[in-house]
Amino acid sequence: MSTTTVKQSNPIYPIMVAIGVCHLINDTMQAVIPAMFPLLERDLGLTFTQLGMISFVLNMFASLLQPAVGFMTDKRPFPYALPLGMVSSFIGLSLLVLSTQYWMILVSVLFLGLGSAVFHPEGSRVSFMAAGNKRGLAQSIYQVGGNSGQALAPLLSAFVILPFGMKGAAMVLVLTSIGIFLLTKISAWYKRQLEAEKLSKVKRVLVSSLPPLTKKQVGFALVVLLFIIFARSFYVTNMTSFYVFYLIDQYGISVERGQLFIFIFMALGVVGTFFGGPLSDKYGRKNIILLSVIVPIPFCLALPFVPLYVALVLLIIIGMLIMISFTVTVVYAQELVPSKIGTMAGLTVGVAFGMGAIGSVVIGIVMDMMGIRFTMIAVSFLTLLLFVAFLLPKDNAST
């Protein structure tokens, strides 16, 4: 089969939106885990370290598998892996609802991690296939779905899980069933696209906005990009999983009100995610990455030291800016290695999951040992590492 570049003049919006909706459902299931942290601490008496370990098992398992899944499906696409992955998540969530002990929770999140590992690289490939010439927009729609699902976590915690316990978590199984149905339909479309490519003997390849780079330059750029993802994911994990405990401890607010603060942070992240792709199409990938990770640094440093009303304003600013880069880093990595769409999606999202996993354990241990306030201040200074973004190679629109 030749590797002639194919440009789709008309993006396939129904598929773009459908895979985004499925991403929302997938990540909502993942979000049930941190949403349950206050419940698990209250009812089972789990420590911050144990809560961090639950998140570690979920995210690290998904992190390790995602690049492998992407690599395998780059070589041999398997369209119906998508609904099968969500079936695994359905099993995991069902086991979680029935869990009464710590070890049972760990087993259940393994199934959730497997489902997530299968979904993300293949979902990103579907987004690429449906994108046409709207590459950044397609990835933004796809990622907005995922981030919207994650943003539901604090609302789930405040209004479903805390009032209803495990029965509340079971309500998400209805969404999961819808996701399995939609992914089955998407997989049928995906299969037809592969068959059409095979018959035409022409394969879609990504047109990169980056100038020609040597293998050494590509390797260096990937290391820098993964370092950015590490620092960003560590900080975001701290905010989404543990900052609620800081709000309760420092400002004396209720769990429900604290979860609303986290929802605002994550909801603004969804807004930032949506605009990240289109902005990078127009102004360049590197420019938008710099905007996203450099501008929020002073606000992150100030957050632990301000009154509650100022903290709310800073959460809005940080949430919107820092998540702009989520979509763009995936697209940037894919343009560094345009022949490996699934592998690069699996690698970047997998590293994000993995760093979130490690961050959960480290933050939980530090909180138990050094206290909540010390941990929040220490993590805020970690954002200084994001200055490495200046080392990324410029793309054509950033010159």
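Measuring nothing but alpha carbons in the chain and taking Rh as the Kirkwood radius, the Rg to Rh ratio lands at 0.96.
Please find the FRET efficiency linking residue 167 to residue 80, where r is the Cβ-Cβ separation and R0 is fixed at 35 Å, and quote it to the nearest 0.05. Please list the in-between numbers first.
Details: r = 32 Å, r/R0 = 0.91.
Computed FRET efficiency for residue 167 and residue 80 comes out at 0.65.
Over 25 Å apart at the Cα level, from the set 75/286; 75/191; 75/282; 198/340, are 75/286; 75/282. The residues packed around residue 294, meaning those with a beta-carbon under 13 Å from its beta-carbon, carry a net charge of +2 if Lys and Arg are +1 and Asp and Glu are -1. Taking all protein chains into account, the per residue accessible area for the chain stands at 39 Å² (1.4 Å probe). Comparing mean-square fluctuations of 326, 305, 263 from a GNM of the chain with C-alpha springs under 10 Å, the top value falls on 305. Estimated from the Cβ-Cβ distance and a Förster radius of 30 angstrom, the FRET efficiency linking residue 181 and residue 101 is about 0.40.
When exposed loop sites are taken as trypsin sites (Lys or Arg not before Pro) in a DSSP loop with at most 13 other Cβ atoms within 10 Å, the longest stretch of the chain clear of them is 202-399.
Could you please state how large a percent of the accessible area of the chain is carbon and sulfur, counting protein chains only and using a 1.4 Å probe? Walk me through the numbers on the way to the answer.
Working: 11270 of 15550 Å².
Roughly 72 percent, rounded to a whole number.
Using the membrane-span-like helix rule (whole DSSP H runs, Cα extent along the own axis of at least 30 Å, mean Kyte-Doolittle hydropathy at least -0.5), which helices of the chain qualify?
Details: long enough: 13-35 (32 Å, 1.17); 48-75 (41 Å, 0.90); 102-131 (43 Å, 1.16); 135-156 (32 Å, 0.21); 172-200 (42 Å, 0.62); 215-237 (32 Å, 1.43); 255-283 (41 Å, 0.88); 341-370 (42 Å, 1.73).
Those that clear 30 Å and a mean of -0.5 are 13-35, 48-75, 102-131, 135-156, 172-200, 215-237, 255-283, 341-370.
For the chain, the mean residue ellipticity at 222 nm estimated from helices alone is -26000 deg cm²/dmol, where every DSSP H run of n ≥ 4 contributes -39500 (n - 2.57) and the total is divided by all residues, rounded to the nearest 500.
Taking 0.36 nm per residue of sequence separation and subtracting the Cα-Cα distance, how much length would be gained by fully extending the chain between residue 17 and residue 370, in nm to one decimal? Please list the in-between numbers first.
Working: separation 353, 0.36 × 353 = 127.08 nm, distance 4.47 nm.
Here the segment from residue 17 to residue 370 would lengthen by 122.6 nm.
The values are calculated or read from the model by the stated rules, or taken from the named source; none is laboratory data. None of the values given here were measured: they were computed from a predicted structure. Using ideal geometry, Cβ is built from the backbone for each residue, glycine included, and neighbour counts are taken over all protein chains shown. These area figures cover heavy atoms from the full protein model, side chains too; ligands, DNA and RNA do not enter into them. Shrake-Rupley method; radii C 1.70, N 1.55, O 1.52, S 1.80 Å.
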